[in-house]
Amino acid sequence: MKRSPADESTLEATFCFADLSGFSALTEAHGDSHAVDCVVRFEEIVRDALQGKERLMKTVGDAVLVAIPEPEEAVSFVSRMFEACSAEKNFPVLRVGLHHGRAVERSGDVIGAAINLTARIAAHAQGDQVLATGKVAQAAGKVEVEVSELGPVSLRNLRDPVDLYELVINPERCLGVIDPVCRMRIHTPQAKGRLRVAGTDYWFCSLECASRFAESPESYLRR
């Protein structure tokens, strides 16, 4: 029988996979350098939100994976992370997946089905949305976070549907608007432009985004 490496162990935790929603649109609209700045700032925000025993396990492009010992602590961590990101001027919105389970930890990395599931949950989320599995949802309800049951959801590359719940824990969710071109959240008093199409107002972080939208509104409204 093949022996496990000496530095391998089993880690049980609530895994949080979070990334910047609309990152490709941001890169296309504002260029690689600005996108990298957002990623660097996001990682700083995540590290600042860590308290106690939370651990930043890895970063992958514009995404982070954090392991938190208990579901209640994970909900608090995500709340801190969202609050800090919402306070940033012209910053992308987040999407988050949460799942409590076990994974193999080896050489500072974590691998396993629980990690794959958490990543798939985050990929299914929309901007400003937090999705979680049952144990995390139960913990969120105990700390008076609004929880909505979504039912069984088919996730990419998973054989069976997964019961998912939406956690409404972003205090700034309804306060700003999303630039339809670069997908960043902006507060309307600081917007650099506004255009009305078919009776709906759209706000922009820059005149460049407003110009791109004006040239082809349908290209961005289909997203």
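The values are calculated or read from the model by the stated rules, or taken from the named source; none is laboratory data. Only a predicted model underlies this, so the values are computations on that prediction, with no experimental measurement involved. When we count neighbours, we look across all protein chains shown, and the Cβ atoms used for this are built from the backbone with ideal geometry, even at glycine.
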(message) Kindly evaluate residue 79 against the criterion of being on the phi > 0 side of the Ramachandran plot and polar (S, T, N, Q).
(response) no
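Each row is one residue, and each column tells you yes or no for (1) within 23 Å of residue 127 (Cβ to Cβ); (2) among the hydrophobic types (A, V, I, L, M, F, W, C).
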| site | (1), (2) |
| --- | --- |
| 20 | yes, yes |
| 28 | yes, no |
| 33 | yes, no |
| 54 | no, no |
| 103 | no, yes |
| 113 | no, yes |
(message) Criterion first (of a type in the set (Val, Ile, Thr), surrounded by fewer than 21 Cβ atoms within 10 Å (Cβ to Cβ) and either in the same structural domain as residue 15 (by TED's automatic domain parsing) or under 15 Å from the mean Cα position of the chain (by Cα) (or both)) does residue 136 satisfy it?
(response) no
(request) For region 59-86, enumerate the residues that are acidic (Asp, Glu) and in a helix (DSSP H, G or I). (result) 72, 73, 83
(message) Being without any contact (Cβ under 8 Å) to a residue 40 or more places away in the chain and either surrounded by fewer than 21 Cβ atoms within 10 Å (Cβ to Cβ) or more than 15 Å from the chain's Cα centre (by Cα) (or both) is true for just one of 61, 52, 101. Which residue is that?
(response) 52
(message) Looking only at residues that are over 16 Å from the mean Cα position of the chain (by Cα) and under 20 Å from residue 138 (Cα atoms) in region 69-90, which one is surrounded by the most Cβ atoms within 10 Å (Cβ to Cβ)?
(response) 71
(message) Please go through region 86-108 and give me each residue that is among the hydrophobic types (A, V, I, L, M, F, W, C) and modelled with pLDDT under 90, ordered by number.
(response) 87, 91, 93
